[in-house]
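Any read-out appearing in this document is the output of simple, stated calculations on the displayed coordinates, not a laboratory observation. The structure presented is a predicted model; accordingly, all values stated were derived computationally and were not measured. With ideal geometry, Cβ positions are generated from the backbone for all residues, glycine too; neighbour counts draw on all protein chains shown.
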Amino acid sequence: MQLSRQYSPHIWAIEVYKRRKTIPFAYVIAVVCALPTIALADSEDTLNLSVGAGVRFEDNLFRLSDDVDASSLAGKPHKSDSIYSANAGIKIDKPYAQQRFKLDLTVTDNKFQQNSFLDYTGTNYSAAWLWQLTPHVSGTLLMDQQQSMVNFADFRSFGKPNIQTSQVKLFSIDGDLGAGWHAIGALMDVRARNSQTFNAVGDYVQQSVELGGKYVSPSESWISLVRRESQGEYRGRALDPVTQLDTGFEQSETEAKMNWKITGKSTIDTKLGYLDRTHDHFSERDYNGMVGKVEYQWAATGKLQLNASLGRNLFSFQEAINSYYVADTLSLGPIWKISDKSKLWLKYDISERDYHGAIVATPELRQDTVHSILLGAEWRPTRTITVGAALQRDTRLSNLDRFDYDANSANIFAQMLF
């Protein structure tokens, strides 16, 4: 269907974005909702195009402690800011014979009203071929990229943005052996790079191979066991015996997963594994331990769903006073479907993080407690338009000086398919 210039969503979004400092965003929402249904888009269409806009206010953008004056930092950044965003995207979901092809591409431009040096454009995409060789042999070929600005909770260079690009390439295979048994395997290439030097995380390439088995019951509950071996290389990093920053690592993981459909209204997802990472030269940076997660989903009523999870993970974080941290996280999230067009949700997370692997003498190891609570709402006045808003509060309590912070944010957005 041809779109007239008068109602073209591309032109409308661009004009609103250019005039973002003079047009109240509430007016933008009103305009979106007042637009006629210029194309009968549907989430199940083979092809969907989308445009959207949003604004988020942050009262502590740089995650500073109360006793830190933002004007004392390099470049004198503003502690609070409003971030305006505009996005355009395309989604394709095309079955062809026994194959299925998917593409989800979104480009988002972010503009900071006060701290314009943080402006950036992010390109996120996921392209997948869900292939089927025979009725008993299938798999996935996937390419995925995510770009976002690393927040300043741990990246403490306040004078410049750090845009992290994470890319995943995956080839997986599933062979149905009969009677519910499957042989599974995968090859994976994971790459992460930062636009600024961030040694605690580092730029790296990690290549993995995994093999295992899976059993699927007649009720479609399943359990799997895999072994994963990885080789990693830190890119752009020279071997440094003083700071003990290595150039590579090996990692082994044994992982069991289970998806159990307890009833028609409740499901449990579990993961239990053991992770062991060894570095090529500096064993002081090595770590290992149990990891896992339990997720519970309960459709209490037709309108109320409850989600809960409890997990433990290990994360590399290489500084002088630590090499990694253990994160124990509890998450709770009820969702209330008010009507067919609107819903409310609440999400609360608490994470206890214990840092280990100091390579210099330190009086005490770092310990953080991170809280996050989010209240969100979404309204779909038509099947092509979504309007949403969210309030969020993040806090961190740390035993290290000036690592505490409180941060509040408010977000409102509109998205349209056509």
What are the pairs with Cβ atoms under 8 angstrom where one residue, in the range 67-96, is over 17 Å from residue 125 (Cα atoms) and the other, located anywhere, is hydroxyl-bearing (Ser, Thr, Tyr) and buried (at least 17 other Cβ atoms within 10 Å of the Cβ)? Sequence gap at least six, or different chains. 84/17; 85/108
Which condition does residue 284 not pass, out of (1) touching a Phe, Trp or Tyr at 6+ places or on another chain (Cβ under 9 Å); (2) in contact (Cβ under 8 Å) with a residue 40 or more places away in the chain, if it passes all the others? (1)
Residue list for the range 56-99, restricted to those being under 24 Å from residue 403 (Cα atoms), surrounded by fewer than 17 Cβ atoms within 10 Å (Cβ to Cβ) and among the aromatic types (Phe, Trp, Tyr): 57
Test residue 406 against the criterion of being touching a Ser or Thr at 6+ places or on another chain (Cβ under 8 Å), over 24 Å from residue 57 (Cβ atoms), acidic (Asp, Glu) and assigned to a strand (DSSP E or B), and give yes or no. no
Got at least one residue in the range 100-110 being part of a strand (DSSP E or B), crowded, with 17+ Cβ neighbours inside 10 Å, touching a helix residue (DSSP H, G or I) at 6+ places or on another chain (Cβ under 9 Å) and β-branched (Val, Ile, Thr)? no
Flag for residue 368 being under 22 Å from the mean Cα position of the chain (by Cα) and closer than 17 Å to residue 323 by Cβ: yes
With (1) small (Gly, Ala, Ser); (2) within 18 Å of the chain's Cα centre (by Cα); (3) more than 27 Å from residue 394 (Cα to Cα) as the list, and residue 138 as the residue in question, which single condition is left unmet? (2)
Quick one: in the range 174-222, of everything that is part of a strand (DSSP E or B) and charged (D, E, K, R), which residue is surrounded by the most Cβ atoms within 10 Å (Cβ to Cβ)? 214
Count of residues meeting criterion [in contact with a His (Cβ under 7 Å, 6 or more places away or on another chain) and not in a strand (DSSP E or B)] in the range 249-272: 0
